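Read through the structure below, which is laid out as structure tokens, and then see the notes.
Computed from the coordinates by the stated procedures, all read-outs in this text should not be read as laboratory data. Note that the coordinates shown come from a computational prediction; the quantities given were computed from them, not determined experimentally. Neighbour counts run over all protein chains shown; Cβ positions are idealised from the backbone, glycine included.
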Amino acid sequence: MNNVKKVAENENFTAVDLGKLSLLPETANGKAFLKEITKATGTEISLSVLPARTDLPIFHSHKQNEETYIILSGKGKFQVDDQCFDISEGSIVRVAPTGVRGMTNTSDEQMVYIVIQSKEKSLEQYSMEDGVLLEVTPLW
């Protein structure tokens, strides 16, 4: 993606700015994959924009990765296997690798959503179990 601006980076982090999410359809076919540009090693995260009254172009499943969809704006329908349900801003849907998934934007506004993909059953520690509290002087 040509519009990605690197904000800061060292051996412990990579920070980038994608710009206005509403411009994603013009710059990245409606989807921005972040693994490569953030140098992630355990997840693939994508930011997507689905235009008004548009279906996600494919139904799909995965071999080993689950996906979590986080709807940031818009509304529509989400289908997993033989179940279909409403989604809107604030909806979160986790789909196991073998779940056949697809979605549609049923509104007159674009739908903006995040998809987080990671290997199923790979999370061993999270949140406070993995966190280490430190005394640090803020730089701001």
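A compact table of results
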quantity: Centre separation in Å (Cα based) which lies between region 34-65 and region 80-140; calculated: 11
quantity: Listed pairs K6/K35; K31/K75; K6/K119; K35/K75; K5/K31; K63/K119 exceeding 19 Å between Cα atoms; calculated: K6/K119; K35/K75
quantity: Computed label-point distance, nm, for sites T68 and A8 using a 7 Å Cα→Cβ extension; calculated: 2.5
quantity: Hydrodynamic radius by Kirkwood, which averages 1/r over all alpha carbon pairs of region 5-122, in angstrom; calculated: 15.0
